[in-house]
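The next block holds one structure in the form of structure tokens; read it before the comments.
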Amino acid sequence: MASRHAGFRGIGTENIRFALRAMVSQKLRSFLTLLGIVAGVATVIAMVSFVSGFNAAVTDSFSAFGTTLVQFQKYEPRFGGGGPLPEDQKRRRNLTIEDAEALKRSCPLVAAVSQERYLFGPAATSLTIKTAEGTEANGPTFLGTNPDYAPSNNAFVQDGRFLVEADITHASRTCVMGPETATVLFGRKDPIGRTVLVNGIAFGVVGLLEKKGSFLGGDADNILMIPISTFDEMFPQVKNGSGDNLHIATVPKNPKQMNEMMDQEVAILRARRGLRANQPNDFAIFTSEAQLKTFQQITGGIAGAMILIAGIALLVGGVGVMNIMLVSVTERTREIGIRKALGATRKDIAMQFLVEAVSLTGVGGAIGIAVGLGIALLVRLVFEFPAAAPLWSIVLGFGVSTAVGLVFGLWPALKAAKQDPIEALRYE
């Protein structure tokens, strides 16, 4: 039994040697045949690397902002503008600070309720934030909020303090800023205790946030926040406007009770807004979990489209392999006859040509993997994007490439095996 296994290993090694020798002797033909396999496998590896990197980056970003965040706002979340608002959303009433206070007071599962007003549109473009020396901030996100912003958004200070209730009650001229805003305004100096001018009004810096990085195209470190009561005094048009003027961000005491907390909060808001059981919500609900799933569905769709393209490339490559193997069978008809005359069985002949086809596509798969990993590494280095191919994608890429050789090499191998030895010996 051991000698038979040794014989099989010897035959397999010899077939692989024959296959490599055939590829070397027909370099150009082999190269052109491998292009489809290389392109298909490289596309799969590169695409999986990009999608894995993007999903990891988005997951990390959502984790940094809190995976249990439940945010209520007037309009449904939209990306890239989204076109005109639907009429039913235009008719929605504004959310209010009283709504936020009701959630904090009446929902037993909630840990924090953040009230957030952002400055958008013309008011934001005319906003100036600078030091007494004239150094101006680089367009930071500007908002008014309350102390619950910190636990609701995982935004904590590395120096100084966050806003407190006394700041809200007395509409104090205090602010908390992100590290990038502080660097632009004050360089390497400690910003705590210094003064910034917001539209000419002096604010004392009381807190410096921890670094968080970018999130969905925005820089979370370029931010400046003031008490929401002070914000409403300075920008009453935002509070009294018809736009999406208040976001209410909430987090549960127990992360496992996020959905239950959300149900309670929805019931509280519906009751406050006088909605009947058969009426839909007249407010939007944004959750980190739902947005993460949405992004993963988008990336999954993109990956599916690219894998389809890669599949077409592999199919073209497989047809090319089949053609070159059929040509090879024709060219080596006399060789087949000699081998059969010397005692080779149909199985031996079929295995020889099948191994050649699998070796051909296996080499193409290996090259494709190297190209795909090279593209991912280049993107990682040039754009600092966390593209990384998981091990399963490399195994899959090589497995698919060899499977293509197995499938498309089967017919030429069977055709070679069925050659009549006498007719093959007569072939010129």
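The values are calculated or read from the model by the stated rules, or taken from the named source; none is laboratory data. Every value quoted in this text rests on a predicted model; they were computed, and no experiment measured them. Here the Cβ positions follow ideal geometry from the backbone for every residue, glycine too, while neighbour counts run over all protein chains shown.
Before moving on, here are some points about what is shown:
- Residues satisfying the stated conditions in segment 380-399, i.e. closer than 12 Å to GLY53 by Cα, surrounded by 13 or more Cβ atoms within 10 Å (Cβ to Cβ) and in contact with a helix residue (DSSP H, G or I) (Cβ under 7 Å, 6 or more places away or on another chain): PHE385, PRO386, ALA387, ALA388, ALA389
- Single residue of ASN323, ASN278 found to be modelled with pLDDT of 75 or more and either in contact with a helix residue (DSSP H, G or I) (Cβ under 6 Å, 6 or more places away or on another chain) or exposed (fewer than 15 other Cβ atoms within 10 Å of the Cβ) (or both): ASN278
- Criterion: of a type outside the set (Asp, Glu) and either farther than 17 Å from ILE129 by Cβ or out of contact with any helix residue (DSSP H, G or I) (no Cβ under 9 Å at 6 or more places or on another chain) (or both) - qualifying residue of GLY241, GLY144: GLY241
- One residue from VAL371, VAL363 being of a type in the set (A, V, I, L, M, F, W, C), within 16 Å of ILE324 (Cβ to Cβ), modelled with pLDDT of 75 or more and surrounded by 15 or more Cβ atoms within 10 Å (Cβ to Cβ): VAL363
- Some residue of segment 189-199 being acidic (Asp, Glu) and loosely packed, with under 14 Cβ neighbours inside 10 Å: yes
- So PHE203, is it free of Cβ contacts under 8 Å to residues at least 60 places away in the same chain and under 16 Å from ALA150 (Cβ atoms): no
- Some residue of segment 129-145 being of a type outside the set (S, T, N, Q) and part of a helix (DSSP H, G or I): no
- A search for C-beta distances below 8 Å between a residue of segment 131-151 that is in the same structural domain as ALA182 (by TED's automatic domain parsing) and any residue that is basic (Lys, Arg), counting only pairs 6+ apart in sequence or on different chains, returns THR131/ARG194; GLU136/LYS130; ALA137/LYS130; LEU143/ARG117; GLY144/ARG117; THR145/ARG117; ASP148/LYS104.
- Residue within segment 336-350 that is touching a helix residue (DSSP H, G or I) at 6+ places or on another chain (Cβ under 9 Å), modelled with pLDDT under 70, within 24 Å of VAL316 (Cα to Cα) and assigned by TED's automatic domain parsing to the domain that holds LEU314 present: yes
- Residue check, GLU180 part of a helix (DSSP H, G or I) and surrounded by fewer than 18 Cβ atoms within 10 Å (Cβ to Cβ): no
- Looking across ASP263, ASP190, ASP221, one residue alone is assigned to a loop (DSSP other than H, G, I, E, B) and under 30 Å from the mean Cα position of the chain (by Cα). It is ASP221.
- The sole residue among ASN222, ASN153, ASN138 that is at pLDDT below 95 and either closer than 22 Å to LEU103 by Cα or crowded, with 22+ Cβ neighbours inside 10 Å (or both) is ASN153.
- Residue in segment 225-258 that is surrounded by the fewest Cβ atoms within 10 Å (Cβ to Cβ), counting only those that are over 22 Å from VAL164 (Cα atoms) and of a type in the set (D, E, K, R): LYS256
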